[in-house]
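The values are calculated or read from the model by the stated rules, or taken from the named source; none is laboratory data. The structure displayed is predicted, hence computed values, not measured ones. In this analysis, Cβ positions are derived from the backbone assuming ideal geometry, glycine residues included, and neighbour counts consider all displayed protein chains. In case anyone asks, the SASA skips ligands and DNA or RNA and just uses the protein heavy atoms, side chains included. Shrake-Rupley method; radii C 1.70, N 1.55, O 1.52, S 1.80 Å.
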Amino acid sequence: GEKIYSSGPHEGETVAVLHPNDIILSKKKAAGTSAQNCLEGVVKLMVAENSGAVIRVESEVSGKTFNAYITRSSAARLQLYPGSKVYLMFKATSIVWQ
């Protein structure tokens, strides 16, 4: 039920890829940014990676799973935990077609 905007697929059969580093997480719905996509989700899982320097946040949006990488300090500042509501923002140009 969510619309995701992209710069458009290439000709033929393609797959859309969104890198976890391109997703910005927020506790509030942001306005006035260049990111065309702002999806409301729920944090399902948080895993420390890269010796704890990076947190992989797995969120569910309309039955689809998205992964985002954030720093440990960002996770603490946002007070993220499994079950919390979160907004995922990313630019249409962040979606790469392969």
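Can you find, within the range 69-89, the residue that is farthest from Ile4 (Cα to Cα) among those that are of a type in the set (Ser, Thr, Tyr) and in contact with a Leu (Cβ under 8 Å, 6 or more places away or on another chain)? Here the answer is Ser74. Whenever a residue of the range 74-98 is within 30 Å of Thr14 (Cα to Cα), its partners that are basic (Lys, Arg) and open to solvent by 60 Å² or more (accessible area, probe 1.4 Å), lying with C-beta atoms within less than 6 angstrom and at least six residues away or across chains, give the pairs Tyr87/Lys29.
I'd like to know if the range 81-94 contains one or more residues that are at pLDDT below 90, in a loop (DSSP other than H, G, I, E, B) and not charged (D, E, K, R).
No, because not a single residue in the range 81-94 is at pLDDT below 90, in a loop (DSSP other than H, G, I, E, B) and not charged (D, E, K, R).
Exactly one residue out of Ala76, Ala68, Ala35 is of a type outside the set (S, T, N, Q) and more than 14 Å from the chain's Cα centre (by Cα): that is Ala76.
The set of residues in the range 25-41 being without any contact (Cβ under 8 Å) to a residue 60 or more places away in the chain, within 15 Å of Ser94 (Cα to Cα) and part of a strand (DSSP E or B) consists of Asn37, Cys38, Leu39. Of all residues in the range 75-93, those satisfying the criterion of being of a type in the set (S, T, N, Q) and open to solvent by 20 Å² or more (accessible area, probe 1.4 Å) are Gln79, Thr93. Is it fair to say Ser6 is outside any strand (DSSP E or B), within 14 Å of Phe90 (Cβ to Cβ) and open to solvent by less than 60 Å² (accessible area, probe 1.4 Å)? For Ser6, the condition - outside any strand (DSSP E or B), within 14 Å of Phe90 (Cβ to Cβ) and open to solvent by less than 60 Å² (accessible area, probe 1.4 Å) - is met.
Every residue in the range 49-64 that is in a strand (DSSP E or B), over 16 Å from Ile24 (Cβ atoms) and either touching a strand residue (DSSP E or B) at 6+ places or on another chain (Cβ under 6 Å) or open to solvent by less than 50 Å² (accessible area, probe 1.4 Å) (or both), please.
So the first thing to find is which residues in the range 49-64 are in a strand (DSSP E or B), and the list is 49, 54-61, 64.
Now drop any that are not over 16 Å from Ile24 (Cβ atoms), which leaves 49, 60, 64.
Scanning the range 49-64 gives Glu49, Glu60.
Suppose the filter is touching a strand residue (DSSP E or B) at 6+ places or on another chain (Cβ under 8 Å), exposed (fewer than 13 other Cβ atoms within 10 Å of the Cβ) and small (Gly, Ala, Ser); does Ala68 pass it? For Ala68, the condition - touching a strand residue (DSSP E or B) at 6+ places or on another chain (Cβ under 8 Å), exposed (fewer than 13 other Cβ atoms within 10 Å of the Cβ) and small (Gly, Ala, Ser) - is not met. Residues in the range 13-42 that are surrounded by 11 or more Cβ atoms within 10 Å (Cβ to Cβ) and of a type in the set (Asp, Glu): Asp22, Glu40.
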